[in-house]
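Some notes on the structure that comes next.
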Amino acid sequence: MFNEYMEYMKTEDLKIIIQEIVKQATDLKNKHIDNKNTPVNYACIFSQNKKEYSELIEAARKIGSIIEETPTGLLFHISPLKTVSGILKLLKIRIPDTTRPERGDADFTISNFTYFKKKHLSKDGFKLIKKREDFEMLELMDSMFDVRVYFSSPPLDEQLGIK
């Protein structure tokens, strides 16, 4: 019984961390863009050390399954999780990385990415970090927040065929 309770606490703690990252990322996004109703598409937890990474992976396995192993961590398709910016189905647990001291990030879906990019790219905090023939990504950072925000075209759920 105690082990079941501990497993429940681990998964509930993980869900709280995810929801807090999405909430902070939503606040960051809303500070810098006009469209407040952009839905969350993906979230990532930046683990701060190897022990935390192992614990987060263990908890994430309880709420989802690994769909991709990347050089920077594992991507999970999780049970739909309610957040302040909609239902979340994609979660990445990032391996410890000194270039990612924040708690995590969230990606938001933009309906007209080309217009959005033209409007925001020259503004403080926005940076085009990936540009390929079939993919682009804007990053938004603000030192007042412990998260990062990304806008991708196409969004990750679309790339993976997850709806």
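The values are calculated or read from the model by the stated rules, or taken from the named source; none is laboratory data. It should be emphasised that the depicted structure is a prediction, and the values quoted were computed from it without experimental measurement. All Cβ positions, glycine included, derive from the backbone under ideal geometry; neighbour counts span all protein chains shown.
Things to note:
- Matching residues, region 122-150, being over 15 Å from Lys31 (Cα atoms) and touching a Lys or Arg at 6+ places or on another chain (Cβ under 9 Å): Leu128, Glu136, Met137, Leu138
- Region 126-143: number of residues that are of a type in the set (A, V, I, L, M) and either modelled with pLDDT under 95 or out of contact with any helix residue (DSSP H, G or I) (no Cβ under 7 Å at 6 or more places or on another chain) (or both): 4
- The condition of being modelled with pLDDT under 95 and touching a Pro at 6+ places or on another chain (Cβ under 9 Å) does not hold for Asp146.
- Selected residue (only one of Ala43, Ala59 is out of contact with any strand residue (DSSP E or B) (no Cβ under 7 Å at 6 or more places or on another chain), surrounded by 14 or more Cβ atoms within 10 Å (Cβ to Cβ) and not hydroxyl-bearing (Ser, Thr, Tyr)): Ala59
- Of the residues making up region 103-116, those that are crowded, with 18+ Cβ neighbours inside 10 Å and either acidic (Asp, Glu) or without any contact (Cβ under 8 Å) to a residue 24 or more places away in the chain (or both) number 2.
- In summary, Lys92 fulfils each of the numbered conditions (1) in contact with a Gly (Cβ under 8 Å, 6 or more places away or on another chain); (2) basic (Lys, Arg); (3) surrounded by fewer than 20 Cβ atoms within 10 Å (Cβ to Cβ) with the single exception of condition (3).
- Conditions (1) surrounded by fewer than 19 Cβ atoms within 10 Å (Cβ to Cβ); (2) outside any strand (DSSP E or B); (3) in contact with a strand residue (DSSP E or B) (Cβ under 6 Å, 6 or more places away or on another chain): number failed by Asp157: (1)
- Close pairs (8 angstrom Cβ cut-off, 6 or more residues apart or separate chains): touching a residue at least 60 places away in the same chain (Cβ under 8 Å) in region 38-55, surrounded by 23 or more Cβ atoms within 10 Å (Cβ to Cβ) and among the β-branched types (Val, Ile, Thr) anywhere: Val40/Val22; Ala43/Ile18; Ala43/Ile21; Ala43/Val22; Cys44/Ile21; Cys44/Ile93
- Qualifying residues in region 128-154 (those that are of a type in the set (D, E, K, R) and within 17 Å of the chain's Cα centre (by Cα)) - the one surrounded by the fewest Cβ atoms within 10 Å (Cβ to Cβ): Lys130
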